[in-house]
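**Q** Before we start, here is the structure in question, set down as structure tokens.
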Amino acid sequence: MDNLTVVRHPLVQHKLTLMREKATSTAVFRQLLREISNLLAYEITREQEMTTRRIETPMCEMDAPVLAGRKMALVSILRAGNGLLDGILELIPSARVGFVGLYRDEETLKPVQYYYKVPSDLGERLVIVVDPMLATGNSSAAAIDLLKQSGARNIRFLCLLAAPEGVRRMAEAHPDVPVVTAALDEKLNEQGYIVPGLGDAGDRMYGTR
Ligand code: URA
């Protein structure tokens, strides 16, 4: 799974365990998701290009490192992706934000788009697509198809949990898109849920069922 990076940082792993526990409340789940997405944002931007700027400290002048200015866009796959946005935006407040809404047609089993609003200049940005659960990978791959049609060229996918099936689907459909996750779980069950997983991420963050 060359396309996959698992973030094994102890803080990420500890928070993820708390999120998996079924006794964790909606409020705590949301707070943990915000914290963990902050830490994952740190990891996904690790390879950002740097340059230097001449600055003056109280002691002397120096050439100090700064980001090279590559612009970023976050794209949330509705609705669960929204839970990852705030934590990332705390670290990257200037990022633009887009939304992709897809549902599964029960007859064709194919993802159908119901909402699509993204920044107009995606081709000039690093595009970070966020969805907590990479399960079958069908909706993630379809969302990335749409983003590529809108001109996105430099895309990364960020999730909390991934199933091997979803990682393989992404590698087939979009081998150019690196996937960053906090854990690679064992499998999908017959309903398409990740096992051991954490249940339905949207329901757990919004208290619905
Ligand atoms: N979506 C979820 O919310 N949970 C899963 O386990 C799989 C897909």
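**Q** How high is the relative contact order of region 49-127, in percent, counting Cα pairs under 8 Å that sit 6 or more residues apart?
**A** Taking the mean separation of contacting Cα pairs over the length of region 49-127, I get 27 percent.
**Q** Checking the a/c ratio against 1.5 first, then a/b against b/c, what shape does the Cα gyration tensor give for region 1-137?
**A** It is oblate, given that a/c is not under 1.5 and a/b is not larger than b/c.
**Q** Here is a follow-up. How would region 151-191 be classified by its alpha-carbon gyration tensor: rounded, prolate or oblate, with rounded meaning a/c under 1.5 and the a/b versus b/c comparison settling the rest?
**A** In terms of gyration-tensor shape, prolate.
**Q** Name the most mobile residue of 97, 28, 75, meaning the one with the largest mean-square fluctuation, in a Gaussian network model of the chain with Cα contacts below 10 Å.
**A** In the Gaussian network model the winner is 28.
**Q** Compute the helix-to-body angle for 82-91: its Cα long axis versus the longest principal axis of the chain, expressed 0 to 90° and rounded to tens.
**A** 10
**Q** What distance in nm lies between label points placed 7 Å from Cα along the C-beta direction at residue 22 and residue 112?
**A** Each label point lies 7 Å from its Cα, and together they span 3.3 nm.
**Q** Another question about this same structure. Take the chain, connect every pair of alpha-carbon atoms lying under 10 Å apart with a spring to form a Gaussian network, then pick out the residue of 154, 189, 138 with the largest mean-square fluctuation.
**A** It is 189.
**Q** For region 52-110, what does the alpha-carbon gyration tensor say about shape, rounded, prolate or oblate, given a ≥ b ≥ c as the root eigenvalues, a/c under 1.5 as rounded, and a/b over b/c as prolate?
**A** Prolate is the answer for region 52-110, as a/c is 1.5 or above and a/b outweighs b/c.
**Q** Could you tell me the relative contact order of region 131-181? Use alpha-carbon pairs under 8 Å, at least six residues apart, and round to a whole percent.
**A** RCO, region 131-181: 49 percent.
**Q** Along the charge dipole of the chain, pointing to its positive end and built from +1/-1 on Cβ of Lys, Arg, Asp and Glu, which listed residue (154, 80, 52) has its Cα farthest out?
**A** 80
**Q** Please find the FRET efficiency linking residue 57 to residue 121, where r is the Cβ-Cβ separation and R0 is fixed at 41 Å, and quote it to the nearest 0.05.
**A** Rounded to the nearest 0.05, the efficiency is 0.70.
**Q** Cα centroids of region 49-110 and region 172-207: how far apart, whole angstrom?
**A** 21
**Q** Can you list the HN-Hα couplings for region 50-67, worked out from phi with the Karplus curve (6.51, -1.76, 1.60; θ = phi - 60°), rounded to whole Hz and with x for Gly and Pro?
**A** Couplings: 10, 9, 10, 10, 6, 10, 10, 8, x, 9, 5, 8, 8, 8, 9, x, 9, 4 Hz.
**Q** Cross-link partners among lysines for residue 110, C-alpha distance below 19 Å, same-chain residues fewer than 8 apart left out?
**A** By straight Cα distance, residue 110 reaches 148.
**Q** Residue 50 versus residue 153, label points 7 Å from Cα toward the beta carbon: distance in nm?
**A** So the two model labels end up 2.5 nm from each other.
**Q** For the chain, what does the helix formula give at 222 nm: sum of -39500 (n - 2.57) over DSSP H segments with n ≥ 4, over the residue count, nearest 500 deg cm²/dmol?
**A** -10000 deg cm²/dmol, from helical runs alone.
**Q** Can you tell me the 0 to 90 degree angle between the C-alpha axis of helix 138-149 and the longest principal axis of the chain, rounded to 10?
**A** For 138-149 against the chain, the angle is about 40 degrees.
**Q** If the reach is capped at under 15 angstrom between alpha carbons, list the aspartates and glutamates near residue 71, excluding any in the same chain fewer than eight residues apart.
**A** 47, 49, 121, 124
Only the coordinates and a few stated rules stand behind these numbers; no lab work does. Just so you know, these numbers come straight off a predicted model, no measurement behind them. Because the Cβ atoms are built from the backbone with ideal geometry, glycine has one as well, and the counts that use them run over all protein chains shown.
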